[in-house]
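All remarks here apply to the structure that follows.
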Amino acid sequence: MDPSDVTAALLRLTLGVTMLAHGYNHAWGGGRIAGTARWFGSIGMRPPMVHAVLATVTELGCGVLLLLGLLTPLAAGGVLGTVLVALITNHLRNGFFIFRPGEGYEYVLMICIVSAALGAVGGGRASLDNALGLTGHRWLGFVVCLVAGTGAATLTLVTSWRPQRPAPAAQG
């Protein structure tokens, strides 16, 4: 394996495990799906239960696909879309650093960049994509990842994000 194959494997495995853990936590950790839905509702996602389930299934499904190296650009696009929604709906307003109140966007921005990079790099030699001959189209993979991710995020935000507006200031 050459260095680009090692890079692809490291990115796939790290992002895949991260998304599996995140999806697992949404489904079975803390407040489970109901708690995830309550939180989604609190940041303006409507209907919250639908988005909690969709985000969880996307995180778990894309995590598995990334670990296998199957449909890597599309799986990376699924991660990109999910995390872009999190970036815009929750993290962006809190500043850059993750340790800031409300959690800043450094972590989710990094996941977005890694997802886009993985879309371009592809699954590498140690992947099902390679075994099935689904490699060699790096620009196409990058475009698939970006279009799938940004398209899904845009559609989700336009149709389902209804943040609370600040109360108008009292005039005196």
Each label point is 7 Å from the Cα along the Cα-to-Cβ direction; what then is the distance between the points at Val50 and Phe96, in nm? 3.8
The chain - Debye-derived log10 I(q)/I(0), Cα point model, q = 0.08, 0.09, 0.12, 0.17 Å⁻¹: -0.26, -0.33, -0.55, -1.01
Which peptide among 95-106, 144-155, 63-74 comes first, and what is the full order, when sorted by highest mean count of other Cβ atoms within 10 Å? 63-74, 144-155, 95-106
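With a 10 Å radius around each residue's Cβ, average the other Cβ atoms per peptide and rank 45-51, 110-116, 161-167, highest first.
Working: 45-51: 17.0, 110-116: 19.3, 161-167: 9.6.
Result, highest mean Cβ count within 10 Å first: 110-116, 45-51, 161-167.
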Just want the answer: with Cβ charges of +1 for Lys and Arg and -1 for Asp and Glu, which residue in Pro48, Leu65, Val83 is farthest toward the dipole's positive end in segment 3-160? Pro48
Return a whole-number percent for the relative contact order of the chain, with Cα pairs under 8 Å and 6 or more residues apart as the contact set. 27
Check which residues have an amide H placed less than 5 Å from Met45's amide H, if you skip close sequence neighbours. Arg162
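How high is the FRET efficiency from Val57 to Thr7, r the C-beta distance, R0 45 Å, rounded to 0.05?
0.95
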Using DSSP H assignments, which helices in the chain have an axial alpha-carbon span of 27 Å or above and a mean Kyte-Doolittle hydropathy of 0.0 or higher? 3-28, 48-68, 138-160
According to a simple spin-label model (label point 7 Å from Cα along Cα-to-Cβ), what is the distance in nm between Ala126 and Val158? 4.1
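Every number in this text was worked out from the coordinates using simple rules, so none of it is lab data. Keep in mind it's a predicted model, so treat the numbers as computed, not measured. When we count neighbours, we look across all protein chains shown, and the Cβ atoms used for this are built from the backbone with ideal geometry, even at glycine.
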